[in-house]
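Below you'll find the structure, written out as structure tokens, and then a few comments.
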Amino acid sequence: MDLNYTDEEKAFREEVRAFLDEKLPQEVRDKVRRGISLGKEGHDEWHRILNEKGWLAPNWPKAFGGAEWNAVQRHIFEEELAAAHAPRIVPFGLSMLGPVLQKFGSKEQQDYYLPRILSGKDWWCQGYSEPGAGSDLASLKTRAVREGDHYIVNGQKAWTTLGQYANWIFCLVRTDPDAKQQEGISFLLIDMNTPGIEVRPIILLDGEHEVNEVFFDDVKVPVENLVGEENKGWTYAKYLLTHERTNIAGVGFSQAGLDAVKRIARAESANGKPLIENPHFAARLAQVEIDLMAMATTNLRIVSGAAAGQAPGVESSMLKVKGTIIRQEINDLARRAVGPYAMPFASEAVEGDNDPIGPEYAGPLAAQYFNNRKLSIFGGSNEIQRGIIAKVKMGG
Amino acid sequence: MDLNYTDEEKAFREEVRAFLDEKLPQEVRDKVRRGISLGKEGHDEWHRILNEKGWLAPNWPKAFGGAEWNAVQRHIFEEELAAAHAPRIVPFGLSMLGPVLQKFGSKEQQDYYLPRILSGKDWWCQGYSEPGAGSDLASLKTRAVREGDHYIVNGQKAWTTLGQYANWIFCLVRTDPDAKQQEGISFLLIDMNTPGIEVRPIILLDGEHEVNEVFFDDVKVPVENLVGEENKGWTYAKYLLTHERTNIAGVGFSQAGLDAVKRIARAESANGKPLIENPHFAARLAQVEIDLMAMATTNLRIVSGAAAGQAPGVESSMLKVKGTIIRQEINDLARRAVGPYAMPFASEAVEGDNDPIGPEYAGPLAAQYFNNRKLSIFGGSNEIQRGIIAKVKMGG
Amino acid sequence: MDFNLTEERQMLQDSLRRYLSDRYDTGVRNEILDSDDGMSARIWGELAELGVIGALFTEEQGGFGGAGFDIAVVFEELGRGGVVEPVLDTAILGGGLLARLGDEAQRDMVEEVIGGTLHLALAHGEPAARYDLSRVETTARAEGDSIVLNGRKSVVINAEAAGYLLVSARESGGAFDREGISLFLVPADATGLTLRGYPMMSGGRAAEVTLDGVSVPASARLGEAGKGFAALQEVIAAANVALAAETMGAMQSAVELTRDYLMTRKQFGRPIGTFQALAHRFSDLLIELEQARSAVINAAGHLESGDRDRQIAAARNLIARVGRLVAEESIQMHGGIAMTQEYELAHIAKRIVMADHRFGDADYHMERFIELSAA
Amino acid sequence: MDFNLTEERQMLQDSLRRYLSDRYDTGVRNEILDSDDGMSARIWGELAELGVIGALFTEEQGGFGGAGFDIAVVFEELGRGGVVEPVLDTAILGGGLLARLGDEAQRDMVEEVIGGTLHLALAHGEPAARYDLSRVETTARAEGDSIVLNGRKSVVINAEAAGYLLVSARESGGAFDREGISLFLVPADATGLTLRGYPMMSGGRAAEVTLDGVSVPASARLGEAGKGFAALQEVIAAANVALAAETMGAMQSAVELTRDYLMTRKQFGRPIGTFQALAHRFSDLLIELEQARSAVINAAGHLESGDRDRQIAAARNLIARVGRLVAEESIQMHGGIAMTQEYELAHIAKRIVMADHRFGDADYHMERFIELSAA
């Protein structure tokens, strides 16, 4: 047992810090810190900076242009990104599709798509969820029918994050309607510019356009866009889901959020004293900090197990549940910290050329609280995770 | 809407208070306040005092020797009893069996048993639960087979509260083994002195002998001890359960418990100040007091509805769940309030001729905390109550 | 003891509920939410016609209600309907102050309020005040027959629509003193008064208000100089009862929407509400909702009593705690659909949660309760 | 970063777990709980033989461990087994003080402790002290070459079995001062020392101790006069790590018992653990148990670090909160059977909950954490 980073790990951390000091633009940091949306250009720019350094794809093998870091290094990298208020790396191409193509894609697919992900030529989005199907992928309805050299795709996807920026979508489609449940599903790559595709925004309860519906009406997809074998898509989807969960605990985000709450609570006053000295506020803060300290260690235990080759199984589900609870609790504390100034609508309070309404930090807090209710819903709801945990651990 | 008691209700309250001032012995109050068991004699004595006044059976019709109070009066009575640290009225004969006999018993049964309940000649216990069956009465296994003028009873009951004091037990027994589920159950009155009955103590986790197992080995019960019709016992049992739940919220107990916690927290010190001024302790106390204030009103709304003739339905289940949560929270605060002096084993700390160990109030608190875990388990667990609530309210 | 509504209140409740369910559906409300005004003049007029505003004033004041239970009945329904129109601001706060402190001419304005032709706004909170009612740093300085106001007021709800702002300002004492605070009736078009308006997260609009040498006649002062705090406390007590009831009504809607969803949406061929985990959690919401209803009754029933402030602190603490539970659990049990702006529950959940930020959140009211219990 | 146990610790853990599961079953423990001594001399000897006590001391002190992770490994297993024998009192507290402060002769006694032939008890807490470590009102007064002790010590665990009590007493300063506290090694048979013994709710025995003019030679003082507090803090820090680990081990048992019960007991022909409501609640216990394990690792890993006290406060706060959840939920999910004294879980739940009352409950440690975080 040793809770300390090794000298090598410390040196790596320093290298990451130095890079961020030098290359992460102040303006971008400020936007992230203040909760202002970056837009596609902002994300593309940050990806470009990381890619120049060779750090855009921490988990990819070097052969594909990745950094090929181990899990502890990736963890350190994620922590430092969050602490520096760097934008998150948009995961759809890099963390989700990339690993699937590397493992199951054809040589042609790897050669064509992977470099375009790194260069930013392609922005991918994810076509998994469907309306009314929640996190239950097995009840998938979008159909793909083989006709000659093409599949004809019909159906609808929902909750497609940042689909408005994407020129490609990877989709789960049903290719065998008679197969039961998770059989008969295939994994297709679809050019968003193909005729018959329509993207409609879904405005979330915080007023932001973050997710979309994507409609497919007789969309022709070349058969070479099939990944792996027909009807085996479920296997690839599961593989992708485990990769999606590498930073599932969100320790870095929570830590950055907690630091922000502390800054706010030092600046705000209640009864003429800094809010952070209010014993009730301090108590809530202390408990979530204590929870986070423990979860950071839980995360490291799992991460270092993964570095040693143990596959993170049901532990991901545990991290997902606890990690989202902690992040949501921090969001709740943040909005409460600012009192009445949580009330203005976020985009009015934050954006545009005017001064912010109230203290600079107040604007996005209520919106973040509401927006992050999604954390415990999307990507496999906490109820689904609890079911998985119970099944595995009680199955005995 | 009027939250105030009417003048009549106020006068009634004063009458109850005056009676308790005069007739409730100080020694008994002290024992109840300090959590010392009264024993059979103590309970009998208190019942005798109440019976002399005609107040032992608040819910019985006057024709049977009861007080025939309405629900609001009963509520006031219960509140005042708890506030005065009066012993609870042992419910088995008075609140449970009595109403069943009054509604479903024969004239002979009413004439024989009801006066003996009031006079204290008979101490009843309840033979409902069986080992391993939890609150699920439908899976009852104790058998009664008719042979001439007798039933021959074989089987086992569990969790029989204060069975060690009882000379009679009312039992649910299976008289038709082929009937499904809740059919085929009968309601029998059994003299505990009949050969073949054995009572074995179950010591609860607080070290006290409060409940028992009762074994029946070819016990002969005269057929005239059957209540109502054979195989209709489930109907009577359900009727009894609704009566058991009249004081289900336990507002009086919670109020008395909360007052005790406040007294303790004024006497105890933390960091050289009264514990009650510690903001974290004060916060827990405030929240449970606020919850209790609301529940007292919820209870009164239901009680006054019952006084107006509305049958309390699913509301009883709600009161049971919230009432037990509040009582248990108060028990938790109480044990925490006394710090290290919660550690001595209760009977050593409280009873015998020695001085108490630590402050007089400390002795029973940990034991009460553990003992009252039962509140959310026995009498229909909180899980069962939640199931009932969901079924009724979502069924729609 | 009696927990039944009077016939009049029952009728008001029924007609308001019917009106809102017929005329204030999700589509109508979503249009209002998207509108520049953040409210509907038509709805406002119809609410006034229904007697919703009059019910909030006593007969003496020109209304036909005004007791705690009148407020509770009206606001429970407004909350249930997710109504964003500023009844609380114009009637309870603004109208309440005029009725309590105004001279005859000012009191006459209450009639316009009840009739739905005049909007008001209370400009009291300040950037550094948080929920501290006595923290007033805006100044009022006599200058001849006039009084000159200087200062900043934050998150003044309904300021843009108001014909007059009721502005609190300090005539004497230090920043936290209760003595020395006066209230002034300032016309919306007064010189030196600037509004920066914006929409709010839970609907409706507010503004940052700057008073830069705003000059009003001494007659604009409501009541005695420096003695405004008690009336302020009174109307804010009433506003807290209103908010508690409104939030409880919104919780009722959230729970009903959730029940409908749980019994409609199916998984593995069964309504998801029949799965035990959700069923039990839903039961807890029902239990807590009854607690919230009782808390509102307690607060409303004590609005005129000596225990008023402690009961109100208790109610708002409980409702803030339960409200967060209901809002979060309702969203969680719905899943994705509840995250979308146009879905009814999204708005209702925002009304519930954002109530925390008016006149104090759970912790603020818990501290008040502790303080008042010790006293 | 490395989360694997060293080979030695892994071996100790394995052999202790095997020993306890073979030899310390429910029947054995229930006999011990009912016995007059409240512990088993045989078990004590066997624990010592296994090296359990030696592992708690450094090589320098005569043992072969003594680091935070050694303590954590041993106590996790003791907790898992629900062991009531006073390893914490004799070894961590008593032995720890001797090893830190003792002169050569006193340090030699550590060997007897490790060998299992000597019991010790720390007589530090006082009736009014609650969890305040520096509140010492027992006095030590020099009288010629002797020192005379007067005072009362409360809930002194293992006092009756101890050959010596380690008594804290004040030589100077006020009731809450950290300076001025000394520790004395007082033989159990000293004149003027009275014990009133009693069993404890979670097993084992303690005593109220009265020191009525107890005279000891100056050589009975451990270390320098008035400088005992730092060493006291050190052993209590170690004791907090031990308690945290023990409680976490007990939680592990509670969760395992609950899993077995949920998968064995059937309703409607299915194990009750397959019903969603219980399954989801059980999942939460597993998640929180991982949190508790991490908290123990954090505390153990920082026992020698500058962040020691904050990490310990964090761990004990988390474990107190999670412990209550695990104990209560385990009992609730079992139902009636868990309410019976002889059932394994009843004892385990009491160990978990009653740990609150040693060296501080959740609130005490939360306050410590806030204080230390602000510093």
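The values are calculated or read from the model by the stated rules, or taken from the named source; none is laboratory data. Note that the structure is predicted; figures quoted are calculated from it, not measured. We place every Cβ from the backbone using ideal geometry, glycine too, and count neighbours over all the protein chains shown. Note: areas computed on protein heavy atoms with side chains; ligands, DNA, RNA excluded. Shrake-Rupley method; radii C 1.70, N 1.55, O 1.52, S 1.80 Å.
Amide hydrogen proximity for D:Val214: with H placed 1.01 Å from N in the peptide plane, the residues at 5 or more positions away or on another chain lying under 5 Å are D:Leu149. Put simply, the convex hull of the Cα atoms in the range A:14-133 casts, on average, a shadow of 8.8 nm².
Between C:Gly228, C:Gly213, C:Gly102, the Gaussian network model of chain C with springs among Cα atoms under 10 angstrom shows the greatest mean-square fluctuation at C:Gly213.
Summarising the amide proton neighbourhood of B:Phe345: residues at separation of 5 or more, or on other chains, whose placed amide H is nearer than 5 Å comprise D:Met200, D:Met201.
Taking every DSSP beta bridge that has both ends in the range D:121-226, the antiparallel portion is near 90%. Spatial offset of the range D:309-375 relative to the range C:281-349 amounts to 30 Å, using the alpha carbon center of each.
Amide H to amide H distances under 5 Å link D:Arg265 with D:Ile272, where only residues 5 or more positions off or on other chains count and H is placed in the peptide plane. Roughly speaking, to the nearest percent, how much of chain D's 1.4 Å accessible area is carbon and sulfur? Accessible surface attributable to carbon and sulfur in chain D totals 47 percent. Across the protein chains, with a 1.4 Å probe defining accessible surface, the residues D:Val353, B:Val223 rank B:Val223, D:Val353 from largest area downward. Counting, for every residue in A:294-305, the Cβ atoms of other protein chains within 10 Å of its Cβ and taking the mean gives 5. In order along the range C:302-314, phi translates into HN-Hα couplings of 10, 4, 9, 9, x, 8, 3, 5, 5, 5, 5, 4, 4 Hz, rounded to whole numbers, per the Karplus curve 6.51 cos²θ - 1.76 cosθ + 1.60 with θ = phi - 60° and x for Gly and Pro.
Shape verdict for the range C:83-186, please, from the Cα gyration tensor: rounded (a/c under 1.5), prolate (a/b greater than b/c) or oblate. Before the final figure, lay out the partial values.
Numbers: a/c = 2.06, a/b = 1.38, b/c = 1.49.
Because a/c hits 1.5 or more and a/b fails to exceed b/c, the range C:83-186 counts as oblate.
Would you mind telling me the share, in percent, of accessible area of chain B contributed by carbon and sulfur at probe 1.4 angstrom? On chain B, the fraction of accessible area on carbon and sulfur atoms equals 47 percent. The string of couplings for the range A:363-368 from the Karplus curve (6.51, -1.76, 1.60, θ = phi - 60°) is x, x, 5, 5, 4, 5 Hz, one whole number per residue in order, with x for Gly and Pro. Note on the protein assembly as shown: helix-only mean residue ellipticity at 222 nm, from DSSP H runs of 4+ residues weighted -39500 (n - 2.57) and normalised by residue number, equals -15500 deg cm²/dmol. According to the calculation over all Cα-Cα pairs in chain A, the P(r) per 10 Å bin from zero is 4, 21, 31, 27, 13, 3, 0, 0 %.
Please report the antiparallel percentage of the DSSP beta bridges confined to the range B:123-232, to the nearest 5.
In the range B:123-232, approximately 85 percent of DSSP beta bridges are antiparallel ones.
Dipole check for chain D: with +1 at the C-beta of Lys and Arg, -1 at the C-beta of Asp and Glu, and the Cα centre as origin, the magnitude is about 1180 Debye. Extending 7 Å from Cα along the Cβ direction at A:Asp217 and again at C:Glu256 yields two label points whose distance is 3.7 nm. For chain D, excluding the exposed loop sites themselves (GluC sites (Glu not before Pro), DSSP loop, at most 12 other Cβ atoms within 10 Å), the longest remaining stretch covers D:61-223. Between the range A:25-68 and the range B:36-55, what is the C-alpha centre distance in whole Å? Comparing the Cα centres of the range A:25-68 and the range B:36-55, I get a distance of 78 Å. Each Lys and Arg adds +1 at its Cβ and each Asp and Glu adds -1 at its Cβ; summed about the Cα centre, the range B:91-192 shows a dipole of about 160 debye.
Under the classification rounded if a/c is under 1.5, otherwise prolate if a/b is larger than b/c and oblate if not, where does the range A:185-317 fall, given a ≥ b ≥ c as square roots of the Cα gyration tensor eigenvalues? Oblate. At an R0 of 41 angstrom, the distance between the Cβ atoms of C:Glu59 and B:Arg29 translates into a FRET efficiency of 0.25. The average projected area of the protein assembly as shown, computed from the convex hull of its Cα atoms over all directions, is 60.5 nm². Here the simple spin-label model places points 7 Å from the Cα toward Cβ, and for D:Glu224 and B:Ala18 these points are separated by 7.3 nm. A DSSP coil position with no more than 10 other Cβ atoms inside 10 Å describes the following trypsin sites (Lys or Arg not before Pro) in the range B:138-180: B:Lys180.
Rounded to the nearest 20, the Cβ-based charge dipole of the protein assembly as shown about its Cα centre (Lys and Arg +1, Asp and Glu -1) stands at 2120 debye. Here A:Glu45 and A:Gln182 are evaluated by their C-beta separation; at R0 = 51 Å the FRET efficiency comes out at 0.85. Between B:Glu52 and B:Tyr5, what's the calculated FRET efficiency when r is the beta-carbon distance and R0 is 22 Å? Round to 0.05. Efficiency computed from Cβ-Cβ geometry: 0.25. Shielding by partners for peptide D:348-355, expressed as the average number of C-beta atoms from other protein chains within 10 Å of each residue's C-beta, is 3. Which loop chymotrypsin sites (Phe, Trp or Tyr not before Pro) in the range A:160-262, with loop taken from DSSP, have no more than 13 other Cβ atoms within 10 angstrom of their Cβ? Counting only loop positions with at most 13 other Cβ atoms within 10 Å, none of the chymotrypsin sites (Phe, Trp or Tyr not before Pro) in the range A:160-262 qualifies. Peptide A:384-392 has a mean of 5 when you count, residue by residue, the C-beta atoms of other protein chains within 10 Å of its C-beta. With chain B treated as a Gaussian network of Cα nodes joined by springs under 10 Å, which of B:Gly105, B:Gly196, B:Gly148 yields the largest mean-square fluctuation? Residue with maximal mean-square fluctuation among B:Gly105, B:Gly196, B:Gly148: B:Gly148. Connecting C-alpha atoms closer than 10 Å in a GNM of chain C, tell me which of C:Ile348, C:Ile43, C:Ile312 has the biggest fluctuation. The residue that fluctuates most here is C:Ile43. Computed 3J(HN,Hα) for the range A:25-42, one whole-Hz value per residue from the Karplus formula 6.51 cos²θ - 1.76 cosθ + 1.60 where θ = phi - 60°, is x, 4, 4, 5, 3, 4, 4, 5, 4, 8, x, 8, 4, 8, x, 4, 4, x, glycine and proline marked x. In this label model, A:Leu38 and D:Asp108 are separated by 7.0 nm, measuring between points 7 Å along each Cα→Cβ vector.
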